[in-house]
1. For the chain, what are the per-bin percents of Cα-Cα distances with bins 10 Å wide, up to the bin holding the maximum?
2. With the crude spin-label approximation of a point 7 Å out along Cα→Cβ, what separation in nm comes out for residue 40 versus residue 153?
3. What distance in nm separates the two pseudo spin-label positions at residue 336 and residue 52, each 7 Å out from Cα along the beta-carbon direction?
4. I need the shape label for region 63-205. Rule: rounded when a/c is under 1.5, else prolate if a/b > b/c, else oblate, with a, b, c from the alpha carbon gyration tensor.
5. Rank 334, 183, 20 by mean-square fluctuation in a GNM of the chain with C-alpha springs under 10 angstrom and give only the top-ranked residue.
6. Using 1/(1 + (r/R0)^6) with R0 = 22 angstrom and r between the beta carbons of residue 203 and residue 134, what's the FRET efficiency to the nearest 0.05?
7. Separation between the residue 127 and residue 291 pseudo-spin-labels, each 7 Å from Cα along Cα→Cβ, expressed in nm?
8. List the residues of region 282-310 whose backbone N lies under 20 Å from a point placed 7 Å from the Cα of residue 349 along the Cα-to-Cβ direction.
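Just so you know, all these numbers are worked out from the coordinates, no wet-lab data involved. The model shown is predicted, which means the values in this text are computed figures rather than measured ones. Here the Cβ positions follow ideal geometry from the backbone for every residue, glycine too, while neighbour counts run over all protein chains shown.
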Ligand code: MRU
């Protein structure tokens with residue numbers, strides 16, 4: 001596709017100064033505590049946080065030191081392990097953890113799954129939390145494999161893809177959801193380029209996605225959120241690829257605010273709108289996006305000068321605007337009339 005400005009050319013992997021190893025885990029259990037990459041400090045500062053209490057984990061989730069649906073699920077599961085080890089009566093702390101953020105289904109789901117092992121003792125609880133961590137790592141590999149096939153089928157050769165928010169290793173454990181597919185396309189020589197959407201107000205796209213793309217040597221340009229649909233109309237984008245915080249029974253996709261606008265732009269431009277998320281983000285118990293609590297993060301993130309602000313952190317893209325949902329076990333074409341029931345779970349791929 002043509003472009004008025006060359007894609008920023010970035011050095012190959014390893015030439016971007018970084019203290020972190022390429023396979024640095026965003027969230028992990030290290031020597032009896034939860035260790036996190038501090039996402040509030042990136043891209044300027046690369047640092048790890050060591051969280052030794054469940055209150056620290058709740059605080060890290062709420063102030064987005066760890067963010068992204070799978071990553072907060074893993075942090076929540078490990079937080080339960082911490083609660084069980086450090087508190088004589090962990091029930092109240094676990095409830096606070098479960099409710100630290102409401103929209104991504106991964107958090108409450110992981111907390112419930114791990115807490116169910118409490119009767120079996122702290123070691124069983126920790127083992128279940130580590131199993132969730134390991135499953136998310138395997139899921140990222142599998143989404144990349146399913147995603148490459150889907151992009152090749154839907155988007156033509158060497159597509160330039162617009163992505164929103166951050167969906168890379170920082171949002172999972174390693175790898176990524178939508179950005180994991182982008183990395184895999186790049187490694188396979190199948191990617192034209194990337195436009196990273198800035199993602200107001202907290203700039204996950206500008207701060208985190210560009211940091212990950214640069215470290216991986218993927219060519220990209222950064223665009224303000226409002227430019228997305230215009231770039232699509234001008235023929236500079238071949239497909240949109242995003243992640244999800246929850247995907248409902250009817251295929252409605254709840255994701256970072258701004259996703260719906262990109263979906264409308266993609267529909268108008270006649271280009272695919274692809275959602276990549278693990279099965280741990282699929283919530284068939286919730287009928288539609290209208291039933292999901294959308295976190296409002298308050299006016300201070302939006303306006304520093306005292307005017308009233310609306311700040312929904314997420315929006316709902318209706319299922320009929322979603323060309324395909326790629327999970328770690330299947331690809332569902334909602335815009336073509338498929339439902340979850342039409343596509344049984346397949347194998348994990350690597
Ligand atoms: O508020 P955040 O940064 O936690 O929101 C994250 C997103 O919306 C991501 O796009 C989403 O979790 C999918 S990526 C795994």
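1. 6, 27, 36, 24, 7, 1, 0
2. That separation, rounded to one decimal, is 4.3 nm.
3. 5.5 nm
4. Numbers: a/c = 3.63, a/b = 2.08, b/c = 1.74.
Prolate.
5. Of the options given, 20 has the highest mean-square fluctuation.
6. Values: r = 31 Å, r/R0 = 1.39.
Between residue 203 and residue 134 the formula returns 0.10.
7. Simple spin-label model gives 3.4 nm for this pair.
8. Once the point is set 7 Å along Cα→Cβ of residue 349, 282 turn out to lie under 20 Å by backbone N, inside region 282-310.
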